[in-house]
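Colleague: Below: one structure in structure tokens.
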Amino acid sequence: MRKRFTAAAVGLLVTGATVVATGSASSHGYTDSPLASRQKLCATGAVTGCGNIQYEPQSVEGYKGFPSAGPADGTICAGGNGQFSQLDDPRGGAWPATQVSSGQNQTFTWRFTARHRTTDFKYYITKQGWNPNQKLTRAALESQPFLTVPYNGQQPPATLSHSGKLPARTGKAVVLAVWTVHDTPMAFYACSDVKF
């Protein structure tokens, strides 16, 4: 009896340590491919020095209502979450960038670890001539999303893809994807670096 109790206690301790090490069950979602988000690049080891986000790329959660509300300027890529501030570091403009073309139809794929009812998905892009050596601000982004996908309170599947036409640009840009949760005050943020 004592051995069974001890084994059960050890099992609970290991399970508890695993939850603490990998994040809570309230983890959620991120953009995965073909435009890999900064958190995805950190999780795969393509970028190092990322801190905790490498273990929980799905956890970039902040308040919804962007751009009138939500994360403060300079903290947008981390969703205003200080523990993931490495995502806001412009790294001298050296984040790996996916090659894209002006006007091309682009697919965006989300991977969800908790499938919340969803209001919509919105995609913003930096203005032509923005400074890639500075943290992302609202002033650096176009004021309107170039793509909005309404989801009307539905629950998404484990992965979800949609597509839209990229605006005309040259050089480097950042695409900010915002997944707005329907039944909480939160949204999820993902920055992807691209090069036209």
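We did not get these values from a lab; they are worked out from the coordinates using the rules stated. Since the structure is predicted, the reported quantities are computational estimates derived from the model, not experimental observations. All Cβ positions, glycine included, derive from the backbone under ideal geometry; neighbour counts span all protein chains shown.
Colleague: Is the C-alpha gyration tensor of the chain telling us rounded, prolate or oblate? Criteria: a/c under 1.5 is rounded; beyond that, a/b larger than b/c is prolate, otherwise oblate.
Modeller: Working: a/c = 2.20, a/b = 1.74, b/c = 1.27.
It is prolate, given that a/c is not under 1.5 and a/b is the larger ratio.
Colleague: Starting from the Cα of Lys127, draw a straight line to each of the lysines and keep only those under 16 Å, dropping any in the same chain fewer than 8 residues away.
Modeller: Lys135, Lys165, Lys172, Lys195
Colleague: Shifting gears a bit: Given the peptides 177-190, 40-53, arrange them by the average over their residues of other C-beta atoms within 10 Å, most packed first. Let's see the in-between values first.
Modeller: Working: 177-190: 20.3, 40-53: 16.4.
The packing order, highest mean first, is 177-190, 40-53.
Colleague: Rounded to the nearest Å, what's the spacing between the alpha carbon centres of segment 147-196 and segment 106-128? Just the number, please.
Modeller: 2 Å
Colleague: Work out how much length Thr48 to Gln83 would gain on full extension: take 0.36 nm times their residue separation and subtract the Cα-Cα distance, in nm to one decimal.
Modeller: Roughly 11.1 nm would be gained on extension.
Colleague: So if R0 is 22 Å, what FRET efficiency would Gln144 and Tyr63 give, r being the distance between their Cβ atoms, rounded to the nearest 0.05?
Modeller: Working: r = 20 Å, r/R0 = 0.90.
Here the calculated transfer efficiency is 0.65.
Colleague: If you don't mind, another one. Relative to the longest principal Cα axis of the chain, at what angle does helix 2-22 sit, 0 to 90 degrees, rounded to 10?
Modeller: Approximately 10 degrees, to the nearest 10.
Colleague: Would you mind computing, in nm to one decimal, how far apart the modelled labels at Asn152 and Thr184 are, each placed 7 Å from Cα along Cα→Cβ?
Modeller: So the two model labels end up 2.4 nm from each other.
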